[in-house]
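Peer 1: Shown below is the structure under consideration.
The values are calculated or read from the model by the stated rules, or taken from the named source; none is laboratory data. Quick caveat: nothing in here was measured; it's all calculated off a predicted structure. Here the Cβ positions follow ideal geometry from the backbone for every residue, glycine too, while neighbour counts run over all protein chains shown.
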Amino acid sequence: MRWCKSIALNQPLVEARLVSAHSSPSQEAKEALDRQLERAAYERGVAEGEKHLAEQLLRQRAELIELQDGVLASLRQAVPEVAAQCESALIDLAVEAARKLVFDLPISVEMVEAAIRSAIAQAEEKAELEVHLNAEDLALLRQCNSPALLPSTGNESIHFHASAEVSRGGCLVWTRFGAIDARRETKLEAIHQSLAP
């Protein structure tokens, strides 16, 4: 009996051969089947390798993002610190430059008189003031017969003394209530403190 019905296949047959029902598969058929199995195993291996690689890339990407976030957080913390350090260094530099400029100025009678007037103006009580000057500044005022040293209305109770603790160009004025420090280094330090963050 012959069978005459058509069979519809979704895909074409690959290396299909007519084999009788009573015969055993030939060597070629075994090799074809082995190749198909080998090809299927290869494709499974490639798919598994790609899946493993994709998972590894995702892990590495997550680690890289975490590292990047850590670096950015560190930078966000470091920038204000660096800015504060730069600001402090610039203030120190500006005060040092001012110190060099001021201390390199030649000492004049007008400079010493201005320091004395400024300090006396700060005194709350004008009675019995003692003005301490650098010995060279006091000698300069005496040599020039400075009006600051002469008794006049309002400054009869001012006494001038030479002092080793007063640098050139400044003075210390002592009152009953304490001292008024008009030394140049004290003024520069006060400026430095007012600028400090």
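Peer 1: Can you say whether residue 88 is assigned to a helix (DSSP H, G or I), of a type in the set (Gly, Ala, Ser) and touching a Pro at 6+ places or on another chain (Cβ under 9 Å), as far as the supplied structure shows?
Peer 2: yes
Peer 1: Being out of contact with any helix residue (DSSP H, G or I) (no Cβ under 7 Å at 6 or more places or on another chain) and either in a helix (DSSP H, G or I) or acidic (Asp, Glu) (or both), is that true of even one residue in region 145-155?
Peer 2: no
Peer 1: Among the residues of region 158-172, is there at least one that is at pLDDT below 90, part of a strand (DSSP E or B) and not basic (Lys, Arg)?
Peer 2: yes
Peer 1: Could you say which residue among 96, 110 is of a type outside the set (Ser, Thr, Tyr) and within 21 Å of residue 190 (Cβ to Cβ)?
Peer 2: 96
Peer 1: Moving to a separate point now. Kindly list the number of the only condition in (1) modelled with pLDDT of 70 or more; (2) part of a loop (DSSP other than H, G, I, E, B) that fails for residue 15.
Peer 2: For residue 15, the exception is condition (1).
Peer 1: Quick one: residue 35 ticks every box in (1) under 25 Å from residue 184 (Cβ atoms); (2) basic (Lys, Arg); (3) over 43 Å from the mean Cα position of the chain (by Cα) except a single one, so which number is it?
Peer 2: The single condition residue 35 does not satisfy is (1).
Peer 1: On the given criteria, is residue 180 within 49 Å of the chain's Cα centre (by Cα), β-branched (Val, Ile, Thr), under 27 Å from residue 95 (Cβ atoms) and surrounded by fewer than 16 Cβ atoms within 10 Å (Cβ to Cβ)?
Peer 2: Judged against the criteria, residue 180 is not a match.
Peer 1: Restricting to region 161-182, name every residue that is in contact with a helix residue (DSSP H, G or I) (Cβ under 6 Å, 6 or more places away or on another chain) and either of a type in the set (A, V, I, L, M, F, W, C) or over 17 Å from residue 136 (Cα atoms) (or both).
Peer 2: Matches in region 161-182: 162, 171, 173, 180, 182.
Peer 1: Being charged (D, E, K, R) and over 50 Å from the mean Cα position of the chain (by Cα) narrows it down to one of 142, 168, 99, so name that one.
Peer 2: Within the list 142, 168, 99, the selection yields 142.
Peer 1: Regarding region 28-37, can at least one residue be identified that is in a helix (DSSP H, G or I), farther than 30 Å from residue 138 by Cα and modelled with pLDDT under 85?
Peer 2: So far as region 28-37 goes, yes, one or more of its residues are in a helix (DSSP H, G or I), farther than 30 Å from residue 138 by Cα and modelled with pLDDT under 85.
Peer 1: Which condition breaks for residue 76 when tested against (1) within 43 Å of the chain's Cα centre (by Cα); (2) surrounded by 10 or more Cβ atoms within 10 Å (Cβ to Cβ); (3) modelled with pLDDT under 90?
Peer 2: Condition not satisfied by residue 76: (2).
Peer 1: Here is a further query. Report, by residue number, each residue of region 106-127 that is surrounded by fewer than 12 Cβ atoms within 10 Å (Cβ to Cβ) and assigned to a loop (DSSP other than H, G, I, E, B).
Peer 2: Answer for region 106-127, where residues must be surrounded by fewer than 12 Cβ atoms within 10 Å (Cβ to Cβ) and assigned to a loop (DSSP other than H, G, I, E, B): 106, 124, 125, 127.
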